[in-house]
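Enquirer: Could you have a look at this structure, given as structure tokens, before my questions?
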Amino acid sequence: MMKTSAILASAILLAAHAHAGQQPESGKPVNIPQLTPKAEWFHQAKLGIFLHWGIYAVDETVESHPFNQPPAAFKTNPNCVPYDKYFSQAKGFHAAKYNPEQWAEVFHKAGAKYAILTTKHHDGFALFDSKAPGAFTAVKDSPAGRDLVKPWVAAMRKNGVRPGFYFSLADWRHPDYPSMLPREERKKDDHKSKPYSYAEKDDPERWARFMDFAQTQLDELIGHNPDIWWFDGGWERTAEEWQGPKIIGKLLAANPDVIIGRKAFPVTETVTYDTPERAIPMETPGGLWELCLTTNEHWSYRSKDPVWKPAGVLVQMFSEVIGRDGNLLLNIGPKPDGTLPEQATGPLLEMGAWIKRNEEAVYQTFGGERAGISFSRHHGPSTVSMDGKNLFLFVPAVPKDGILLRGIVSVPKKATALATGEILAFRQMEGNLQYPGHFLINPPRKADPLMTVIKLEYDDIIRLGN
């Protein structure tokens, strides 16, 4: 039976090649985007891990925002937390079981090539040993009592995961940060009940002191030489007020190849990328981009959030993101003790096993949509090898009668189920002078429970029809 199938597949391949020989140069080649050396590693990374870890994990509050609200909000919004109560969470942040080596092993097995850690969120709590005057840190202000960033960076690098730093430019706890005035002043001035006006309320001397503080903390983190800086909190000020050129100059001096995510200020000297959150945008962003996605419905740890995304959903979303030439930054909220929730790591490792058996379609590829293989040519995501000679079709549910591929002039020399290597017969149906015929690819004997990937190999760069 196996021998008969192989003969049939060969006969179909020969017939297809004979048909293709009638118009070998017709159609246009797939688009192969040109990348700078600085951008290439990020483009090929495909999967990153986001980590929202801070004192907010202790009482499982929203990250930073609950205490920084107008007084009226505390009467109506149950998510608001008084200032003192919010910061008292630091007493429960002990990180007793924190083992960054275990984290790194999980990320590596998941197929992630980079990870972004919240070194400091808007509440000012720094996971690193900051010596800046007035710094609020895990080292001196929590039972953790140690620098949590330094060993994390070492563990990531040891396991082949590039480290990146999330850093909030805003620091709502710092007394010199204007939008978070000392409590006595907040009682007099309900400044958060209306849009904050920097020009009306800022004291230049206070702002200068704060920027000295912020620059000191950045200097401390720059010493770790991260591959990515992911800035947040920049919406409250202009690029000039943030001393953007000075910050970028420092980052580039330390690492000329550094990449900037979440653009807090205009950057032209290095690689930047867009960071849509929570949902895949309907219109694909131009250039480099990553989708920031939570593993459940929250950024930080929530023991009572049951809506964990199963591996099948993660694979579907990951496939669409890379099919549209983006990266997936998948978020996990560690517990206060420093462990990762099993509900997050279980599906992540299952997705990692799927990536491993289909890695040729994941890494070293361009998104099929950007290459020209839009969803109108295949009912699903696709990727194209960097040389333009292999096409990978992602098929979430394999039709029993076969998989259709449309608008492709080039004829494959071989079709296989990527994970198993099973050779698949195919045929090209008649087209016309304007449109090439559809290709019908036989379904594999066994579909992948998460997502089946079909590999089509070509002699030359794939050419597209109308």
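Just so it is clear, none of the values below were taken in a lab; they were calculated from the coordinates. Predicted model only: the values in this text are computed from it and were never measured. Every residue, glycine as well, gets a Cβ built from its backbone with ideal geometry; the counts of neighbours run over all protein chains shown.
Enquirer: For the stretch 366-395 and the stretch 80-97, what is the centre-to-centre distance using only Cα atoms, to the nearest Å?
Expert: 47 Å
Enquirer: List ILE462, ILE55, ILE423, ILE260 from most exposed to least, where exposure is judged by having the fewest other Cβ atoms within 10 Å.
Expert: Listed from fewest to most nearby Cβ atoms, that is ILE423, ILE260, ILE462, ILE55.
Enquirer: How far is helix 100-110 tilted, in degrees, relative to the longest principal axis of the Cα atoms in the chain, given as a value from 0 to 90 rounded to the nearest 10?
Expert: Helix 100-110 and the main axis of the chain meet at about 20 degrees.
Enquirer: Give the angle, between 0 and 90 degrees and rounded to the nearest 10, that separates the Cα long axis of helix 2-20 from the longest principal axis of the Cα atoms of the chain.
Expert: Roughly 90 degrees, rounded to the nearest 10.
Enquirer: Give the cross-link partners of LYS455 among the lysines, using a straight C-alpha distance below 25 Å as the criterion and excluding same-chain residues fewer than 8 apart.
Expert: Of all the lysines, those that pass the test against LYS455 - Cα under 25 Å, at least 8 places apart if same chain - are LYS3, LYS28, LYS46, LYS109, LYS113, LYS356, LYS389, LYS400, LYS413, LYS414, LYS446.
Enquirer: Continuing with the same structure: Please work out the Cα center distance from the stretch 306-340 to the stretch 253-285, rounded to the nearest Å.
Expert: Result: 19 Å between the Cα centres.
Enquirer: Distance cut-off 25 Å, Cα to Cα: go down the list LYS91/LYS263; LYS97/LYS250; LYS97/LYS158 and report the pairs above it.
Expert: Violating the 25 Å Cα-Cα cut-off are LYS91/LYS263; LYS97/LYS250.
Enquirer: Going through the stretch 329-426, which trypsin sites (Lys or Arg not before Pro) have at most 12 other Cβ atoms within 10 Å and a DSSP loop state?
Expert: Answer in residue order: LYS400.
Enquirer: What residue among VAL149, CYS292, PRO310 has its Cα farthest toward the positive end of the dipole of the chain, where the charges are +1 on Lys, Arg and -1 on Asp, Glu, each on the Cβ?
Expert: Projecting each Cα onto the dipole axis, the largest value belongs to PRO310.
Enquirer: Let me ask something additional. Given DSSP loops and a limit of at most 16 other Cβ atoms within 10 Å, what is the longest stretch of the chain that contains no such GluC sites (Glu not before Pro)?
Expert: 26-239
Enquirer: Separate question: When the helices in the chain are scored as -39500 (n - 2.57) per DSSP H run of 4 or longer and the sum is shared across all residues, what 222 nm value do you end up with, to the nearest 500 deg cm²/dmol?
Expert: Value at 222 nm, helices only, nearest 500: -8500 deg cm²/dmol.
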